[in-house]
1. Which numbered condition in (1) surrounded by fewer than 16 Cβ atoms within 10 Å (Cβ to Cβ); (2) in contact with a Leu (Cβ under 8 Å, 6 or more places away or on another chain) is the only one that Ile262 fails?
2. On the basis of being within 16 Å of Phe35 (Cα to Cα) and part of a helix (DSSP H, G or I), does Leu325 make the cut?
3. If you take the residues in segment 213-250 that are among the β-branched types (Val, Ile, Thr) and under 21 Å from Phe35 (Cα atoms), which one is surrounded by the fewest Cβ atoms within 10 Å (Cβ to Cβ)?
4. Report whether or not Gly292 is surrounded by 14 or more Cβ atoms within 10 Å (Cβ to Cβ), within 13 Å of Phe26 (Cα to Cα), over 17 Å from the mean Cα position of the chain (by Cα) and not aliphatic (A, V, I, L, M).
5. Just checking, how many residues over segment 30-50 are open to solvent by 40 Å² or more (accessible area, probe 1.4 Å), touching a residue at least 60 places away in the same chain (Cβ under 8 Å), over 19 Å from Ala289 (Cα atoms) and part of a helix (DSSP H, G or I)?
6. Considering only residues of segment 146-165 that are outside any helix (DSSP H, G or I) and open to solvent by less than 80 Å² (accessible area, probe 1.4 Å), which is modelled with the lowest pLDDT?
7. I'd like the full set of residues that are out of contact with any helix residue (DSSP H, G or I) (no Cβ under 8 Å at 6 or more places or on another chain) and either open to solvent by less than 60 Å² (accessible area, probe 1.4 Å) or in contact (Cβ under 8 Å) with a residue 12 or more places away in the chain (or both), limited to segment 166-177.
8. Give the residues of segment 186-212 that are open to solvent by less than 40 Å² (accessible area, probe 1.4 Å) and more than 14 Å from the chain's Cα centre (by Cα), sorted by residue number.
Amino acid sequence: MESTPIPQQSEENTWKDSIGWFGASFVLPFYNRNFYINAVTKPFFNAVLFFFFLMTFVTFIGIGEFFYSFADLKHALDQAYESGFIPEISIEQGRARVDGEQPMIFVDEPPSFIAIDTTGQITEIDRSRYNQAFLLTETELHFLDDYEYQILPLRDLNQAFDQDAILINQEIVSNWLNIFFVVAGAIAAVVGWVWNTGIKFMYLIGIGLVLWGIFSIFYEQVSFNTIVITGIYAYLPALIFSYSLELIKISFWFDLTILLLIFWITNLIRVLNAQRDNLPIREIWLKPALLGIPIAVFITLNLIFSWEFAPPIILIGLLATIGTLLAIENGSNLNVQFTGE
C-alpha cells in the first residue's frame, strides 16, 4: 500500500508566511489574545528582530521630528531677517555695527532679556530683574546665566576668529545652522539608535530577569525566552497607550514601565497557563491586522508634525480600530495556520 506524501510548504510560501507574521506583529499585540501564545513558539531571533526594527523606526521618527523642527526654525529665521526684525551685524576691529534702529529689544520678559544696543543707551544687564540675558553693545558681549555675569570684549572675538571683520547676516547664520543641523542630526541619530535599541533592550532583559524569578515560583520550567519574547511584544501597546495618555495631558511617574508591566504580566500569565495546561496553539487570521495601517500611519505623521487637531482623531481611531479587530477576532472562524519553527 502506497503512503500519501505529506504536503510541504514551498520556500516562497514560507517566506510569505514569515513576512506576514512580522508585519502583523505590529498590530496583533493590541488585540489578539492568542498572539503571545503563538509568538513564544517562534525563534527568539524573530522577537529580537521585531524589537530592533520597531526601535529603529522610532529613532527615524525622532530624526524626522528634528528635521521638521529645524526647517520650521530656519523658515522663521529667514522671515525675521527679511522683515528686519533681526539686523545684519558686523564686528570690525572690536567694534559692532548694526543695520537698523536701536536699541533692539527682542525679549524683555523677566527673568529673560535679549537686546542689541550700540548707541550707549543700554550698557549692561540689570541683574536685579533678569537671570537669563544677552546684550550686545558697541564693544562687548554681555552674558547673564543664573546670575553669573560674563563680559566678552568684541576685540577678543575678532582675535578668536583671526579676522579683523566678522559679518553676521542671513546667509552666514543660515550656513551655520546647516552645519549645526548635520552634526547635531548625526549625533542625535547615533545616540538615539543606541539608546532605543541597546539600552532599552537591556532594560527589557533586566525586567525579564525579575519576572523570571517571580514566575518560576508559581510555574515549573519557565523559559527565560518565553518571558522576554512576551515582554518585547508587550512593549509596543505599552508605548502607544503611553503616547495616547500624553495626548490627553495625563502623565505619572514611570507611566511607560507601569503600562508595560500590565501588558507583559497579563499576557505572560495567559501564555504560561496555556503551556502548563498543554492547550493547542490556536490559529491566527492575519489579514484583519491590515486595518491597523491607517491609524499607524496617522500616528507616525503626527509624531513628526504635531498637528493640533490630531489628539481626538488618534484616540477615536485607536478605539475604533481595536474595537473592530476584537469584533472580527471574536466573530470569525477563518484563520491562517502559523506553527512554531
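The values are calculated or read from the model by the stated rules, or taken from the named source; none is laboratory data. Note that the structure is a prediction, hence the values are computed from the model and not measured. For neighbour counting, all protein chains shown are included, and Cβ atoms are generated from backbone atoms with ideal geometry for every residue, glycine included. Just so you know, the surface numbers come from the protein's heavy atoms only, side chains and all, with ligands and any DNA or RNA stripped out. Shrake-Rupley method; radii C 1.70, N 1.55, O 1.52, S 1.80 Å.
1. For Ile262, the failing item is (2).
2. Answer is yes for this residue.
3. Here the residue is Ile240.
4. Judged against the criteria, Gly292 is a match.
5. Residues meeting the conditions: 1.
6. Looking at the filtered set, the residue picked out is Ala165.
7. Passing the criteria: Leu167, Ile168, Ile172.
8. Gly198, Phe201, Leu204, Ile205, Gly206, Ile207, Gly208, Leu211
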